[in-house]
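Engineer: Got a structure here, written out as structure tokens. Questions coming.
The values are calculated or read from the model by the stated rules, or taken from the named source; none is laboratory data. As the structure is a prediction and not an experimental result, all values here were calculated from the model. So basically every Cβ, Gly included, is an ideal-geometry build from the backbone, and we count neighbours across all protein chains shown.
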Amino acid sequence: MVGRSNVGKSSLINAVLKRKAVARVSQTPGKTQAIQFYLINDRFYIVDFPGYGYAKVPKDIARSWGQLVRGYLESAEALRLIFILLDVRRTPSPEDRQMHDWTTASGIDERILLTKSDKLSTNQLTKSQTAIAKELELTEDRLIACSTITKTGIEAVRREIASRL
């Protein structure tokens, strides 16, 4: 799971795992400052990366996160799928675009999870999905609208994980 600070990575992990406090959720962006590994049923890991973008940490620490993430992604032989989390209410940032471009160039399978989908009407959600797909040059079937509040999309995320086991 990778995405900007405050996009909802920890909340999504908890929702996917049907647990309230596996991943620590904070109101302060940038709390996850290391790669977090969650071993699931002794079968696979869900990996939570530090957020990029807005985080209340010194710039040199934020830069080191990029090196940490890139180093892991380039050396993780068991990596099957990357979920890039985007806030559905925002256009992809340069960092989001860079992560998408990197996964595409590396040949790593990805799914774009559009978090906070409960904040938009159905019409707004459809427009946003179309705009994000166009911005990232993807078909809309590569996007999954998610909400940890309404649980929309959570089962689809579980299916994506299960299909790789």
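Engineer: Being polar (S, T, N, Q) and touching an Asp or Glu at 6+ places or on another chain (Cβ under 6 Å) is the filter here, so list the residues in region 121-165 that pass it.
Structural biologist: Correct list: Q129, S147, T150.
Engineer: Any chance region 112-134 includes a residue that's hydrophobic (A, V, I, L, M, F, W, C) and at pLDDT below 95?
Structural biologist: Taking region 112-134 as the starting set, the residues that turn out to be hydrophobic (A, V, I, L, M, F, W, C) are 112-114, 120, 125, 131-133.
If we keep only those that are at pLDDT below 95 as well, we get none.
No: zero hits.
Engineer: Which condition number in (1) out of contact with any Pro (no Cβ under 7 Å at 6 or more places or on another chain); (2) surrounded by fewer than 21 Cβ atoms within 10 Å (Cβ to Cβ); (3) at pLDDT below 85 is the one that F44 fails?
Structural biologist: If we test F44 against (1) out of contact with any Pro (no Cβ under 7 Å at 6 or more places or on another chain); (2) surrounded by fewer than 21 Cβ atoms within 10 Å (Cβ to Cβ); (3) at pLDDT below 85, just (3) comes out false.
Engineer: Looking only at region 105-135, count every residue that is of a type in the set (A, V, I, L, M, F, W, C) and under 15 Å from the mean Cα position of the chain (by Cα) and tell me the total. Step through it out loud before you land on a result.
Structural biologist: Narrowing region 105-135 to residues of a type in the set (A, V, I, L, M, F, W, C): 105, 108, 112-114, 120, 125, 131-133.
Narrowing further to those that are under 15 Å from the mean Cα position of the chain (by Cα): 108, 112-114, 132.
Qualifying residue count, region 105-135: 5.
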